[in-house]
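Have a look at the structure below before the remarks.
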Number of protein chains: 4
Amino acid sequence: MSPPADSPPTIAELPEFFEYLGMSIERATAEEAIVRMQVPKQLLSPHGPVHGGAISALIDTAIGIAVVCRLEPGDRTATHELNINYISFAAKPVVIATARVLRLSRTVAHTEAEARSEDGTLVAKALGTFGVFRRA
Amino acid sequence: MSPPADSPPTIAELPEFFEYLGMSIERATAEEAIVRMQVPKQLLSPHGPVHGGAISALIDTAIGIAVVCRLEPGDRTATHELNINYISFAAKPVVIATARVLRLSRTVAHTEAEARSEDGTLVAKALGTFGVFRRA
Amino acid sequence: MSPPADSPPTIAELPEFFEYLGMSIERATAEEAIVRMQVPKQLLSPHGPVHGGAISALIDTAIGIAVVCRLEPGDRTATHELNINYISFAAKPVVIATARVLRLSRTVAHTEAEARSEDGTLVAKALGTFGVFRRA
Amino acid sequence: MSPPADSPPTIAELPEFFEYLGMSIERATAEEAIVRMQVPKQLLSPHGPVHGGAISALIDTAIGIAVVCRLEPGDRTATHELNINYISFAAKPVVIATARVLRLSRTVAHTEAEARSEDGTLVAKALGTFGVFRRA
């Protein structure tokens with residue numbers, strides 16, 4: 001489950017796992033969130049491709065940011081469930097995830113995301129259901 | 001997608017991401033695979049719980065090992081898709097995943113897994129479809 | 001999405017789709033719901049096995065009942081998402097689904113289910129996230 | 001699991017479940033498959049919306065057709081797994097599913113689909129992994 005997030009984090013306050021997993025936020029708006037992962041060499045497999053768990057962490061993070069961008073300050077979100085279909089191996093160590101909210105209600109966000117290599121190769125597609133916890 | 005694996009890895013040849021993600025194999029048999037994650041502090045969120053991506057990487061790894069334990073030497077597997085339902089926050093930094101193969105055919109493995117905290121709390125449940133690539 | 005349900009239906013008030021899809025409730029308790037489908041011949045494929053959509057409808061229904069059995073009168077539920085893994089063909093026209101709630105919170109139910117043939121063959125396994133709508 | 005299909009069916013040879021579930025094929029090409037469901041009144045819930053299982057059957061069918069349109073004569077496909085996220089209730093009894101293949105390999109098809117009401121309302125989105133069984 002993704003840790004709850006209060007608001008779109010600024011660079012200064014990004015959780016430590018962003019750096020540990022090589023992630024940086026490229027875009028965080030009400031329309032979509034884009035997160036880039038410069039995959040740490042430790043998360044490449046002996047055979048070359050990026051570990052699936054790294055891609056999953058990237059997608060989960062991108063969706064969480066997309067949801068937070070649609071919430072009010074103080075609201076939080078957490079992953080209820082995430083389904084990821086791995087389409088192609090990510091052979092190169094940069095993977096970029098784009099996420100958006102399909103529908104937002106008081107208690108849940110229906111979301112989708114995709115991950116691509118820098119050359120545009122589709123690496124994974126995902127559907128996710130995220131819980132929304134309103135402050136008031 | 002999980003990197004293909006040829007056979008149940010021995011300690012000496014475990015991919016580097018095992019150490020990077022704090023994972024160790026507790027059991028790897030034809031019946032089930034058990035993988036323990038001593039979550040690196042960098043993968044804890046500012047709020048405490050373990051990052052969902054860490055749990056996803058753990059489950060993906062445990063399933064991959066469970067599948068490999070059912071294959072012949074030289075056969076490989078890779079994640080087609082993985083669906084994870086996050087049941088409770090993992091508040092403590094040790095999470096243990098247990099995975100098993102529900103059905104294995106020539107080209108695909110249907111699998112399931114669960115992740116629990118050391119105190120037994122159910123953190124996540126998963127269903128996964130893994131591709132199988134036979135050498136011969 | 002499953003139609004919202006107010007309370008565990010009695011035979012007299014079962015929605016018409018129960019009969020249309022050959023479904024009957026075998027058990028509906030706080031622990032689990034069991035729904036039996038005598039698959040209408042129209043939902044068998046030319047090749048014999050039961051149409052996957054029939055099994056999906058069966059599982060969705062069983063989970064909905066399992067959730068309702070844990071709610072208060074007047075509360076409702078609806079499917080947020082459902083992931084079904086089809087393990088074996090259902091060659092015989094009776095399929096039985098067993099569903100249970102893994103965790104229930106104020107706004108969501110995490111659930112699982114499985115479907116088996118009468119001879120015990122595992123036909124499908126499922127994880128589902130269902131929304132909960134409290135009256136008060 | 002979807003019954004295996006040999007080739008895009010012609011009207012004359014459509015399985016009986018098409019009529020029973022009110023489905024008709026609007027488009028079946030290598031690019032996409034579109035299936036329309038005039039939901040039988042028996043599959044509407046007492047509250048109005050279409051039963052989730054009907055939508056699931058529709059999506060499973062549309063994806064199966066999309067895959068078959070990419071195969072050679074004599075090849076078959078069957079659902080490995082299907083994940084459906086229900087976005088909005090289908091309040092009107094016509095639902096249209098559009099499916100396409102994201103990637104096709106020798107043994108598996110990665111697919112996606114969406115279902116909409118006639119007015120364009122997004123009812124559901126899906127990701128599916130379908131097995132491919134080559135004749136030769």
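Scanning region B:28-43 for residues that are open to solvent by 10 Å² or more (accessible area, probe 1.4 Å) and within 8 Å of another protein chain (Cβ to nearest Cβ) returns B:Pro40, B:Lys41, B:Gln42.
Within region B:118-133, the set of residues being hydroxyl-bearing (Ser, Thr, Tyr) and out of contact with any His (no Cβ under 7 Å at 6 or more places or on another chain) comprises just one member, B:Thr121. The set of residues in region A:68-107 being among the basic types (Lys, Arg) and either in a loop (DSSP other than H, G, I, E, B) or out of contact with any strand residue (DSSP E or B) (no Cβ under 8 Å at 6 or more places or on another chain) (or both) consists of A:Arg70, A:Lys92, A:Arg106.
The set of residues in region C:116-136 that are polar (S, T, N, Q) and farther than 24 Å from C:Ala78 by Cβ comprises C:Ser117, C:Thr121. The number of residues in region C:108-125 being free of Cβ contacts under 8 Å to residues at least 24 places away in the same chain and not in a strand (DSSP E or B) comes to 1. Of the candidates B:Ala90, B:Ala97, the single residue that is more than 7 Å from every other protein chain (Cβ to nearest Cβ), open to solvent by less than 10 Å² (accessible area, probe 1.4 Å), more than 22 Å from D:Ile84 (Cα to Cα) and more than 13 Å from the chain's Cα centre (by Cα) is B:Ala90.
The values are calculated or read from the model by the stated rules, or taken from the named source; none is laboratory data. Since we're looking at a predicted model, the values are computed, not measured. Note that we place each Cβ from the backbone using ideal geometry, even for glycine, and neighbour counts take in every protein chain shown. Note: accessible area is taken over every heavy atom of the protein model, side chains too, but ligands, DNA and RNA are not part of it. Shrake-Rupley method; radii C 1.70, N 1.55, O 1.52, S 1.80 Å.
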